[in-house]
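Report on the structure given below.
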């Protein structure tokens, strides 16, 4: 099969059997049910070596890939983590945790609610990680608390809020 390339601005991630697709340019987000295990992580330049013809046709029909590399010449992404560092564990949620979560929500919700998709992406890209080690116990605990409290946040877009919490 001829190699395929992610269209400029398109990013994908396999989650089990499903394929999460993000089109930054169009502000689109989709979950394709089923082809996740058939699509390898993108290589240099967004190259995808999809072995299944039907999956390749699905990606082409969805407009996510082309037969030519995109002009944005991406580097290969590192392999995804084999397991979550916080899912599967539960921290004891305190009253202080609830206050911190509510305060963060009150600050974030008006800033991101109904914001253009490009603005959300630009905001996430402009924040350097400052060398934060995400595997430290305080960060893991905060992520566990967030994961437990996020379902109670009003008017949340589950995927968007969880993505911001994981970034």
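The values are calculated or read from the model by the stated rules, or taken from the named source; none is laboratory data. Keep in mind it's a predicted model, so treat the numbers as computed, not measured. Methodologically, a virtual Cβ is constructed for each residue, glycine included, from the backbone with ideal geometry; neighbour enumeration extends over all protein chains shown.
Out of everything in the range 1-13 that is in a strand (DSSP E or B) and in contact (Cβ under 8 Å) with a residue 40 or more places away in the chain, what residue ends up being farthest from the chain's Cα centre (by Cα)?
Keep residues of the range 1-13 that are in a strand (DSSP E or B), which gives 4-6, 10-13.
Retained after the next criterion (residues that are in contact (Cβ under 8 Å) with a residue 40 or more places away in the chain): 4-6, 10, 12-13.
Working: 4: 21, 5: 19, 6: 16, 10: 12, 12: 8, 13: 7 Å.
Selected residue: 4.
Report those helices (runs of 4 or more DSSP H) wholly inside the range 107-167 carrying at least 2 residues which are within 18 Å of residue 91 (Cβ to Cβ) and at pLDDT below 80.
158-166
Which residue out of 87, 98, 47 is modelled with pLDDT of 85 or more, closer than 30 Å to residue 119 by Cβ and in contact with a helix residue (DSSP H, G or I) (Cβ under 9 Å, 6 or more places away or on another chain)?
98
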